[in-house]
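Below is one structure, written out as structure tokens; the observations come after it.
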Amino acid sequence: MILASTLGVILATVAAFLVLILLLVALLLFTKEKLSPSGPVTITINGERKIEVASGGTLLSTLGNQKVFLPSACGGGGTCIQCECHVLEGGGEALPTETPHFTRKELQHGARLACQVKVKQNMSIQIPEEIFGIKKWEATVVRNYNVASFIKEFVVEIPEDM
């Protein structure tokens, strides 16, 4: 008798937690659907080139998917400042991860880190023309040797047909 009532309480508790979790997941999915941007947006680069992309990713990864490769030694962590661009329209406010890297004047003129800017709406950006000459190469790592703390000797082999 006690075993049956204990088992009933355990099953009722598990069922209640499952229902609660399902309700919370449904609430999160509904909120994401309503608040997150979706659909294609247009990014105008240097006032000339227009690309239509899906919203939601970072500007750095979105441009990379379109074969516009901004340098980023930190891999999008916001620390190397190599992916600097100027967002003229549609980028929102600079994030706290970006503001230490720029002066107030630079921020007023739209200086941003592409790895920190989320693509949420149509944007107009300015990047240096030499960026369009950057190409993506695939290579084989021959050696990756630690010379000293924070210094690596990184040797790659590029295929003959490139």
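The values are calculated or read from the model by the stated rules, or taken from the named source; none is laboratory data. Treat the numbers as computed from the prediction; the structure is a model and nothing was measured. Don't worry about glycine lacking a Cβ; one is built from the backbone with ideal geometry, like all the others, and counts go over all protein chains shown.
In the range 90-108, the residues that are among the aliphatic types (A, V, I, L, M) reach residues that are in a helix (DSSP H, G or I) with C-beta atoms within less than 8 angstrom, at least six apart or across chains, in these pairs: A94/L107; L107/T99. Kindly check whether there is at least one residue in the range 25-44 that is of a type in the set (G, A, S), on the phi > 0 side of the Ramachandran plot and under 21 Å from the mean Cα position of the chain (by Cα). Yes, the range 25-44 contains at least one residue that is of a type in the set (G, A, S), on the phi > 0 side of the Ramachandran plot and under 21 Å from the mean Cα position of the chain (by Cα).
So is G64 closer than 30 Å to F150 by Cβ, within 15 Å of the chain's Cα centre (by Cα) and not in a loop (DSSP other than H, G, I, E, B) or not? Yes, satisfied. Of all residues in the range 113-151, those that are assigned to a strand (DSSP E or B) and either in contact with a helix residue (DSSP H, G or I) (Cβ under 8 Å, 6 or more places away or on another chain) or farther than 20 Å from I81 by Cβ (or both) total 14.
The set of residues from the range 106-143 being charged (D, E, K, R) and crowded, with 19+ Cβ neighbours inside 10 Å comprises just one member, R112.
Kindly indicate whether any position in the range 26-37 is surrounded by 12 or more Cβ atoms within 10 Å (Cβ to Cβ) and either at pLDDT below 95 or assigned to a loop (DSSP other than H, G, I, E, B) (or both). Yes: the range 26-37 contains one or more residues that are surrounded by 12 or more Cβ atoms within 10 Å (Cβ to Cβ) and either at pLDDT below 95 or assigned to a loop (DSSP other than H, G, I, E, B) (or both). From the list A139, A111, the one residue that fits, being assigned by TED's automatic domain parsing to the domain that holds R49 and either in contact with a Phe, Trp or Tyr (Cβ under 9 Å, 6 or more places away or on another chain) or farther than 24 Å from R49 by Cβ (or both), is A111.
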